[in-house]
Every structure is written in structure tokens, then in C-alpha cells.
Amino acid sequence: MTTATRTCPLCEAVCGLTLTLSDDHRVLSVKGDRDDPFSKGFICPKGASLGHLDEDPDVLTEPMIREGTTWRSATWDEAFAAVADGLGKVIAEHSRRSLALYLGNPNAHTMAGQLYGTPLIRALGTRNIFSASTADQMPKQVASGFMFGDPLTVAVPDLDRTDYLLMLGANPLESNGSLCTAPDFPGRLKAIRRRGGKVVVIDPRRTRTANLADEHVFIKPGADPYLLFAIVNVLFAEDLTAVNLDVDGIDEVRAAAEPFTPDAVAARTGVDATVIVRLARELAEAKTAAVYARIGTCTAEFGTLAQWLVDVINVLTGNLDRPGGAMFANPAAPPPRRTRPFTTGRWTSRVRGLPETMGELPIATLADEIETPGDGQVRGVVTVAGNPVLSAPSGPRIDAALAKVDFMVSVDRYINETTRHANVILPPPRTTQSGHYDFALLAFAVRNYTRYSPPIAPLGDRPSESEILARLAMIAGGEDGDPMAVDELIIAGTLHKAGVGNRADLIGNSGAELRLDLMLRTGPYGEWNGGDLSLQKLLDNPHGIDLGPLQPQLPQRLVTASGRVELAPPKLLDDVDRLRSGLDQQQPEIVLIGRRQLRSNNSWMHNVGTLVGGSNKCTLVMNPIDIDRLGIDGDAVIKSAAGELTVPTEASDAIMPGVVSLPHGWGHVGGTRTVAAAHAGVNANTLTDDSIVDVLSGNAVFNGVPVTVGPVAVG
Ligand SMILES: Nc1nc2c(c(=O)[nH]1)N[C@H]1C(S)=C(S)[C@@H](COP(=O)(O)OP(=O)(O)OC[C@H]3O[C@@H](n4cnc5c(=O)[nH]c(N)nc54)[C@H](O)[C@@H]3O)O[C@H]1N2
Ligand SMILES: Nc1nc2c(c(=O)[nH]1)N[C@H]1C(S)=C(S)[C@@H](COP(=O)(O)OP(=O)(O)OC[C@H]3O[C@@H](n4cnc5c(=O)[nH]c(N)nc54)[C@H](O)[C@@H]3O)O[C@H]1N2
Ligand code: SF4
Ligand SMILES: [Mo]
């Protein structure tokens, strides 16, 4: 038996774990790593199930090739040859424009996804790049991109020092936090209250997070930008602004906020005007305060405006970039620094003309691109760590579309509802066989922190996921060969640009480790940059290294044309009229929202027996008033413009009347995963509508979906 430590790769909280391993490298037990300076021993039920996940008999251990409806295992060479053949044919018969790539959520967690995603995109040579980002946080990135010039410069609430936290559309007691990397989020919230601070939660449902807060305010789904605008309105009207940064656009914001008085938005938001005025005053008067808004506000029709207004308030109250406010992490291994200001719409999607954001097209238009004939129709699909059939709006449309493509290859642990359409599946190794570094998530951490977890079990004759993606990139580029060539090219380019360091000094057992060493050494704390960080130092400190509390980063981090914070970016301002016209629109009687469950992880952890069942089931949560009024007894039929489902209901007065909640990630089909299929549930994205997106970011709309709900017809 041996003990090893590593970072949990399962959610954004990046908890340190202590594992005991058998002699044949099986995980025997998982505990929180008390010596991790960031997570200090915190662990949740998912992290504790890491061993079960690695041992799941349905997890693929060999490449799979589909022949009609049956699967057979294949050697790696055979599988890669089939990929070369399949992609090659699509390119030869059509063109690279007929290829599409979908990158799912775990790419934000894996080294492979972070280091080899870009080379894969370049090698494919197509603009049909899709990811879970446009079903998630793209609005935050677009808003940050326009305000700060860089979509990766995302402010996070300084949880450990703030005196006042206003939280909208986030439920970290179930999700463990998002775009705010904070292990033991619940403990950090309790600490705010313990030190005399205040936590306010705005949510159409009284969640576990709301129960822990000082105050919970119900809001009608999709109404957050109205509430936030009204807060801005009060800040100006009562002369409560205290801007302490070099900012452009204050007058424009003041003018834009004028129509959104607390009285004008009260009916649309369901929030009393007096409450709105009080919230604005509290934010302004708190010694320090932060507004934080997450998925509930992103996956809505005006997601980008909501995210913009969050930081407008943080700026106006003097809280952006100051301790206790909303700050920017300074990660140890950052991506290359941007030189030009961010913009969107450098190209548009073929079928619907939707603007590109961060080099991607909206996932809400993938089915259009596959189904619509013409030059550039998608005929070859690559997916990496994703399940858009369950996770994207109008999922069943994607299901049907994928069944028709000429060739599809997926990199995934499972045959799932999406990868079942692949011709070839390439499985990544187990978690314990993979190195782990949180390139993406540590850029959104509430403390500066760094930790590397080397593989703790040998790979045997399997390729690492990094090697899989690098080889896929080489094949897509037309020259199969040693995947190290991809790394060497990048290393040489980075060294050349940095103008410091030597290739010979880099250490690492793989291309990924060598590149991590390079990024650490040239990063802000790096050995080649006046500091002392390197891969060796992280290997010597396996519990991670605390790099201190967040420090002010502005104006150095700004990449705006003006060099100042842009409070009123024209593209955002241009959408305010549309928002305003929504104030007078008739609202649907019932709307759908989602919810997350502590023991789920989007669509992919329902195959672990210890995690499904009990409270973790797929039900439609409804207020008892609605259940009575609509005559529902047990199951209900729920319909939207996109589709229809029959689903068991669960009565709860924690949800507003007129709002119903269905979790996503369910709707498992037979022949994919045995345990998950036995707890199938329904696909919430049957109801969400891919024809509606947040116009500025192309993001999917999952919250505030108009639906009708009724009893199941008898007979
Ligand atoms: N256990 C678990 N953890 C997860 C995941 C998981 O599936 N399960 N998924 C991970 C991923 S990919 C992400 S992105 C994060 C997300 O992390 P969070 O953003 O914390 O996500 P949720 O827990 O879904 O909380 C969203 C909240 O928004 C509320 N809401 C819905 N509509 C509205 C609205 O219009 N306005 C407001 N103000 N609130 C609204 C919902 O009721 C819900 O309480 O979680 C991550 N962690
Ligand atoms: N209605 C509704 N829909 C939603 C949401 C919502 O709140 N409501 N939330 C949205 C959000 S925030 C997100 S992020 C998306 C998620 O959307 P997706 O990323 O498309 O879906 P996941 O279920 O996370 O699928 C992850 C896949 O990666 C595989 N996987 C896990 N680990 C690894 C690994 O190490 N390597 C590889 N190659 N594969 C791996 C899993 O087996 C699984 O098949 O869903 C979105 N969909
Ligand atoms: S909170 Fe997230 S990172 Fe921490 S143990 Fe649970 S799943 Fe892993
Ligand atoms: Mo997500």
C-alpha cells in the first residue's frame, strides 16, 4: 500500500486529495489533503468517489471501433489509422470546412485539454469550433473581454476578505463554485458571516446556499440584468458611486441606467423596489463588497448584459481590483499574454450568421451546421470530453444530426449519448495515470496558489490523453508521427518569444510536463522571471504552494485600446434597447430553470452507484401552489417550443410559483452505461430551444424557458 496526494480533477474547487493505493495502483481510499494550503482537507462526495470512478467497469480501457451498431476493441495503431482514414476522406471529398470540433467541460480540468486543444484546432483548419463554453460562461468572458480587453481577465469575489457578498444565480453548496475557484466554498461563506459580513443570495429557488446566507431574495428567471441595472440606477440617483479606477464610459452607463428605476423593474424582476434600493445602499456602504453572478445569470437571454452589469457595480462601488472586492488572480502558469483588444464577430457561422466569440461558434448552432446542405456543411466531427446530446440546447436535434455525419471520432472515457455516434472512440487513461495541473481554474482562484500532481500509476502501454490529442492533431494536420513534435514546436516558439531560458534546462517526463515547467519558469513567479517557481519546486511541494492573497492587477492587466477600464463598451450598450423593450413584454405563466445536484457532474457521473439515487434523481421541482392549480398528481407533462417530456414532480415551497426546475445531464440511453441507464431520467435539453441565444455571446439559454405543465393524460 502506498499513499499519494493529488488535486481532484472533478470540479472547479481543485481540492487536494490524499489517496491510498494498492500495490497494483488501485485507489483504496480517498481523503481530503489537510496539508493543502488552499483546500485544507475539504472534500465532497464526488472527490471521495474518485476510486469508484476509476474502477467503473463501463469505463473504456481500449480504443473502440463501431461497425454498424456493434462495437469492438481495437489497438491504438488501428484506431488512429481509422481516424486518419475517416478524417482524410471528409477533407478529400469536401474540405476542412466540413470538419467540426466540440470540446466539452472536462477540457477545462485536464492538462491535455489545456495544452493540446489549440494545436488540435489549428490542425483541423476549420472555423466550426464549438465547446461547452457557449452553454456556460461565455457571457462572462465576452463582458470581461470588452471591459478589460481580455476575456480571460475575469474578476472573482475576494471571498476571504469581503464584508458583503451579493450572489446571483450561483449555488456553490451544490456546485462547489464556478468561475471562482474556492475549495470549501461553504466554509468561506460561513466565515464571511462569522466576521460580521453579510451574504445575500438572489435566486428563483431558496437553495442550500440561500439557506446559509443572511438574506435570500426571489427573482423571476432571466430578470437579473433588470435588477442589476436598477442597482446601478440607485447608485447614481443617490450619489453613492465611489469609482477609484481610471475608467471610460461612466456618463454613458448613467444614461443607459436611467429607464431602469427600481419601480420600473419591480414587476419584471419580482423584487420589491424598496429591496432594490436597500441592496444598492448596502453595497455602497459596506466597507468592501463584491457582486458575483454565475450560471443562472449566464445561461439566460441577456447573459452578457447581466455579467457586464455585475462588474459595472463592482467598479461604481469602488470594489473592482481592491482587497475585499472583486479581484483578479495572478496564476503561476498563465496563457501567453494578449496583445490586441478582444472583440467578437471576426467571422460568423455559415447557417445562422451568429458571431464568433473567442474563436468559437455557439453550440446552439451545431445541429444547423450538420443538417443544412451547402458548401461547408459539417460531415466530420471530433468530440473531446463532451456530451452535447445531453448538455446542449435542443439536445435531441444534435442526437439525430450526429447519426448522419460521415465520420466521427471521440476522445472520452465512456460510450455516452453522444459518443455512441462515433466511428472511433479513443479513451483517456485513468485519473491516477494522468498528471494534473489546473491551467484554467487557477486563473479564477480566490487566492494565488499552485500545485502539480504527477501521475501516480504507470501508463503501461496506453498513451496519455496529451499524447492522444497531440497525435490527433498531427493526423488532422496530415502527418501522423511522434506527438512530441507538437510539444517541441511550441517549446521552441515560446522560448524564442520569451527570450530567456534554455530547452536543455527544462525537466519533465512528458511533453506536457516540459511545457508546464516552461510556463512556470517564465510565469510571474518563475525562476526565469526573478522568482523561484519551476516544475521541480512543485514536485518538491506535493501539497501545493500558497502564493498569497489576490493583489491589485490594474491597470497592468488591461488590454483595452484606451488602456482604461471600459465601463460602456459600444457593443454592450447597443443591446440595452432590446433589454428595455423586454420590460413591457408579457411574461409566460410558467418558466423552466435548471439545478445542480451535489452528487452529479453534468451528464457523466451517474454511472457510479454510490453517487446516484436517493436525493440525486431527475425530478421536476414545482411549488405546491402550481401543483394544485394545474391538477398534477405524480408525473407531469412539460412542453416547450422545442419539445415535450413526462417527468416525476417533486413539491417544494423553496421554488417560486410560476417557476419549475429540472436538472440537466439526465436522459441516459441503454447501451451506453449500465448504472446510468438504470437511473435514466429525462434530457432537460429536450425542452431548451437552440433557436434562442444570448445575442452578444451566442450562449445557450437554459433559464427562463417558457413552458406549459399539465397532468399526464389518462387512458
Ligand atoms: N455537483 C455538481 N457540481 C458541479 C456541476 C454539476 O453538474 N454538479 N457542474 C459544474 C459546472 S460545469 C458548472 S458551470 C458549475 C456551475 O455552478 P453554479 O453557477 O453554482 O451552478 P448551479 O448550482 O446550477 O446554480 C445556479 C443557480 O442559479 C439559479 N437560477 C436559475 N435561473 C436563474 C435566474 O434567472 N436568475 C438567478 N439569479 N438565478 C437563477 C438556480 O436556481 C441555481 O440555484 O458547477 C460545477 N459543479
Ligand atoms: N439544461 C442545461 N444544460 C446545461 C447546463 C445547465 O445548467 N442546464 N449546464 C451547461 C454547462 S455549465 C456545461 S459545462 C455543459 C457540460 O457539457 P459537456 O461538457 O458536453 O458535458 P459533460 O456531461 O460534462 O460531459 C463530459 C464528458 O467528458 C468525459 N470525460 C470525463 N473526464 C474526462 C477526461 O479526463 N478526458 C476525456 N477525454 N473525457 C472525459 C465524460 O465521460 C463525459 O462524457 O452542460 C451545459 N448544459
Ligand atoms: S469539491 Fe470538487 S474538487 Fe473538491 S473533492 Fe468535490 S469534486 Fe473534487
Ligand atoms: Mo459548466
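The values are calculated or read from the model by the stated rules, or taken from the named source; none is laboratory data. Everything numeric in this text was worked out from a predicted model, so none of it was measured. As a convention, Cβ positions derive from the backbone with ideal geometry for all residues, glycine included, and neighbour counts pool all protein chains shown.
Residue check: is Ala81 small (Gly, Ala, Ser) and either surrounded by fewer than 18 Cβ atoms within 10 Å (Cβ to Cβ) or in contact with a Lys or Arg (Cβ under 8 Å, 6 or more places away or on another chain) (or both)?
yes
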**Prompt:** Just one of the numbered conditions (1) more than 12 Å from ligand 2 (Cβ to nearest atom); (2) more than 29 Å from Ala568 (Cα to Cα); (3) in contact with a strand residue (DSSP E or B) (Cβ under 8 Å, 6 or more places away or on another chain) is not true of Arg127; which one?
**Reply:** (3)
**Item:** region 12-21, subset crowded, with 22+ Cβ neighbours inside 10 Å and either of a type in the set (S, T, N, Q) or not in a strand (DSSP E or B) (or both), residue nearest to ligand 1 (Cβ to nearest atom)
**Value:** Glu12
**Message:** I want to confirm something. Restricting to region 134-188 and keeping residues that are within 16 Å of ligand 4 (Cβ to nearest atom) and small (Gly, Ala, Ser), which single residue is surrounded by the fewest Cβ atoms within 10 Å (Cβ to Cβ)?
**Reply:** Ser175
**Asked** If you check every pair at least six apart or on different chains, which have Cβ atoms under 8 Å apart with a residue in region 297-311 that is touching a residue at least 60 places away in the same chain (Cβ under 8 Å) and farther than 18 Å from Val705 by Cβ first and a residue that is near ligand 1 (Cβ under 8 Å from one of its atoms) and of a type in the set (S, T, N, Q) second?
**Response** Gln307/Thr297; Val310/Thr297
**Fill in**
Out of (1) touching a strand residue (DSSP E or B) at 6+ places or on another chain (Cβ under 9 Å); (2) free of Cβ contacts under 8 Å to residues at least 12 places away in the same chain, the one Gly530 does not meet is (1)
**Item:** Wholly within region 476-558, helices (runs of 4 or more DSSP H) carrying at least 2 residues that are under 30 Å from Phe407 (Cβ atoms)
**Value:** 484-498, 511-522
**Request:** Go through (1) touching a residue at least 40 places away in the same chain (Cβ under 8 Å); (2) away from ligand 3 (no atom under 16 Å from the Cβ); (3) in contact with an Asp or Glu (Cβ under 8 Å, 6 or more places away or on another chain); (4) under 21 Å from Leu305 (Cβ atoms) one by one and return the number of the condition Thr207 breaks.
**Result:** (4)
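Looking at region 281-303, which of its residues are within 14 Å of ligand 1 (Cβ to nearest atom) and part of a helix (DSSP H, G or I)?
Ile295, Gly296, Thr297, Cys298, Gly303 - these are the residues of region 281-303 that are within 14 Å of ligand 1 (Cβ to nearest atom) and part of a helix (DSSP H, G or I).
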**Item:** The one condition in (1) more than 30 Å from Phe407 (Cβ to Cβ); (2) in contact with a helix residue (DSSP H, G or I) (Cβ under 7 Å, 6 or more places away or on another chain); (3) within 16 Å of ligand 1 (Cβ to nearest atom) that Pro9 fails to fulfil
**Value:** (1)
**Asked** Here are some conditions: (1) surrounded by 15 or more Cβ atoms within 10 Å (Cβ to Cβ); (2) within 13 Å of ligand 3 (Cβ to nearest atom); (3) under 23 Å from Ala445 (Cβ atoms). Pro45 meets all but one. Which one does it not meet?
**Response** (1)
**Request:** Can you tell me which residue within region 32-69, out of those that are of a type outside the set (A, V, I, L, M) and in a strand (DSSP E or B), is farthest from ligand 4 (Cβ to nearest atom)?
**Result:** Glu67
**Item:** Condition met for Arg72 (outside any loop (DSSP other than H, G, I, E, B), outside the structural domain of Ser600 (by TED's automatic domain parsing) and under 25 Å from the mean Cα position of the chain (by Cα))
**Value:** no
**Request:** State which residue pairs qualify: first residue of a type in the set (Gly, Ala, Ser) and inside region 645-670, second residue within 16 Å of ligand 4 (Cβ to nearest atom) and assigned to a strand (DSSP E or B) in any location, beta carbons under 6 Å apart, and separation of 6 or more residues or different chains.
**Result:** Ser661/Ile593
**Prompt:** When you scan region 126-201 for helices (runs of 4 or more DSSP H) that lie fully inside it, which ones turn up with 2 or more residues that are more than 22 Å from Pro335 (Cβ to Cβ) and within 16 Å of ligand 3 (Cβ to nearest atom)?
**Reply:** 172-175, 185-194
